[in-house]
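The values are calculated or read from the model by the stated rules, or taken from the named source; none is laboratory data. Because the structure is a prediction, the values reported are computed rather than measured. Cβ: placed from backbone, ideal geometry, glycine included. Neighbour counts: every protein chain shown. Areas reflect the complete protein model, heavy atoms only, side chains present, ligands, DNA and RNA absent. Shrake-Rupley method; radii C 1.70, N 1.55, O 1.52, S 1.80 Å.
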Amino acid sequence: MDGTVYVYYELDNFYQNHRRYVKSRDYYQLRGEIRSYSEISECDPIRKNSDLSVTKSYGGVTLDKDAVANPCGLIAKSVFTDEFSIAGLTIDETGISWYSDRTYKFGKPSNSASIQWIDPTNEHFIVWMRTAGMPNFRKLWGKIHAGVPVGTYTLTIKNNYDVSAYDGKKKFILSTTNAFGGKNTFLGA
């Protein structure tokens, strides 16, 4: 596979388009503003750290279980957490989110490493927060800029994301683009 190869994950039977799910976020908080419990009513039912079942910030600080979840909401709580690596290839995980999202929609306060359970400027998180319209969807996870030469490779998957609760399926996909755009599935696992 010559040229840039795109690394995607695909989820089946996950309804990111459910009305309550889509509304469950606070745009001001995602931009880096500190918000009070009363200001994040849209995040219901995930408004406190205890609702997340998270005890540590991404910086390793113990979180107050009664403090405002940051980021709050169902979308944030359900973020995709699997990790991928392919022996002998470098997967670039930068530049996978929309420039406008990275620049204007997501930010963090100066003390984020001590109050936020996940880095809201992490591009995997940003990609996840752009909800899909259908129950079966793909999201970009990375890019292999040097292409994938013919050969045998070992794919390692850190399987963190449970899909059994909603009878879902996960897929790993390598794809290229052609003159008509993307979704030219070449290899799927």
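Full extension of the chain between V61 and I157 gives 31.8 nm of extra length, using 0.36 nm per residue less the Cα-Cα distance.
Spin-label model, N17/D82: points 7 Å from Cα along the beta carbon direction are separated by 2.2 nm. Averaged over its residues, region 67-189 has an accessible area of 53 Å² per residue, based on protein heavy atoms and a 1.4 Å probe. Rounded to the nearest 10 square angstrom, F80 shows an accessible area of 20 square angstrom against a 1.4 Å probe. Across S38, S175, S112, mean-square fluctuation computed from a Gaussian network of the chain (C-alpha pairs under 10 Å connected) peaks at S38.
Geometric descriptor of the chain, per residue, is 131 Å³ (volume of the convex hull of the Cα atoms). Taking the protein heavy atoms of region 32-183 in the context of the full set of protein chains, the accessible area attributed to carbon and sulfur is 52 percent at 1.4 Å.
Can you tell me which of D167, D64, D51 moves the most in a GNM of the chain? Springs connect C-alpha atoms under 10 Å apart. Between D167, D64, D51, it is D167 that shows the largest mean-square fluctuation.
Among V127, V163, V79, the largest mean-square fluctuation in a Gaussian network model of the chain (Cα springs under 10 Å) belongs to V163. Think of it as helices only: each DSSP H run of n ≥ 4 in the chain is worth -39500 (n - 2.57), and spread over all residues that comes to -2500 deg cm²/dmol at 222 nm. Can you flag which of K105/K170; K56/K171; K139/K170 are past 19 Å Cα-Cα? The answer is K105/K170; K56/K171. Potential lengthening of the chain between Y28 and T90 amounts to 18.8 nm, from the contour at 0.36 nm per residue minus the alpha-carbon distance.
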